[in-house]
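The values are calculated or read from the model by the stated rules, or taken from the named source; none is laboratory data. Remember, predicted model here, so these are calculated numbers, not experimental data. When we count neighbours, we look across all protein chains shown, and the Cβ atoms used for this are built from the backbone with ideal geometry, even at glycine.
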Amino acid sequence: MAVATALITIAIGSTASADPVGTCSRTRGLPGSALSVSGKDGMAGEWAHLNFNGKAIGGSTVDGYNFWKVSGRIPRGAVPGTYPITVTFQTSNTASPCFFRVTRSA
């Protein structure tokens, strides 16, 4: 029974690691600030969209080694507050690497 439990745990753990993981270049700034997110575990050749509070602000393709980097600018009309940054992919799951704090209006 212990062997079967260990095998199930290993299989579940290896599946979870395939979700895209990313890191934000910054987590606060003014409207118009540049932001990039880089990461791994996308599918080679698929399109990655950089989103600020659900709106696309940039995009790029995943390279042949499953790494990606997307860049964009925080919208000039963004008001002070904290917003989710996500990267969505054509076929992979979504990465949610950080929140971005807009410090004041432009």
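Among the residues of region 69-88, those that are among the hydrophobic types (A, V, I, L, M, F, W, C) and out of contact with any Phe, Trp or Tyr (no Cβ under 7 Å at 6 or more places or on another chain) comprise Val70, Ala78, Val79, Val87.
Within region 46-60, can you find the residues that are surrounded by fewer than 14 Cβ atoms within 10 Å (Cβ to Cβ) and farther than 18 Å from Ser25 by Cβ? Spell out how you get there, then give the answer.
Taking region 46-60 and keeping what is surrounded by fewer than 14 Cβ atoms within 10 Å (Cβ to Cβ), we get 54-56.
Of everything in region 46-60, those that are surrounded by fewer than 14 Cβ atoms within 10 Å (Cβ to Cβ) and farther than 18 Å from Ser25 by Cβ turn out to be Gly54, Lys55.
Can we say Ser96 is farther than 14 Å from Ser33 by Cβ, in contact with a Phe, Trp or Tyr (Cβ under 7 Å, 6 or more places away or on another chain) and part of a strand (DSSP E or B)? Considered against the rule, which asks whether it is farther than 14 Å from Ser33 by Cβ, in contact with a Phe, Trp or Tyr (Cβ under 7 Å, 6 or more places away or on another chain) and part of a strand (DSSP E or B), Ser96 comes out as no. If you go through region 62-106 and keep only what is farther than 14 Å from Ser25 by Cα, crowded, with 16+ Cβ neighbours inside 10 Å and of a type in the set (Val, Ile, Thr), you end up with Val62, Thr88, Val102. State all residues of region 26-51 that are within 11 Å of Phe100 (Cβ to Cβ), touching a Gly at 6+ places or on another chain (Cβ under 8 Å) and part of a loop (DSSP other than H, G, I, E, B); if no residue qualifies, say none. Listed by number, the list holds a single entry, Pro31. Here is a check on your reading of the model: is Gly72 in contact (Cβ under 8 Å) with a residue 12 or more places away in the chain and part of a loop (DSSP other than H, G, I, E, B)? It is false that Gly72 is in contact (Cβ under 8 Å) with a residue 12 or more places away in the chain and part of a loop (DSSP other than H, G, I, E, B). Determine whether region 29-36 contains at least one residue that is surrounded by fewer than 14 Cβ atoms within 10 Å (Cβ to Cβ) and at pLDDT 95 or above. Yes, there is a match, as at least one residue in region 29-36 is surrounded by fewer than 14 Cβ atoms within 10 Å (Cβ to Cβ) and at pLDDT 95 or above.
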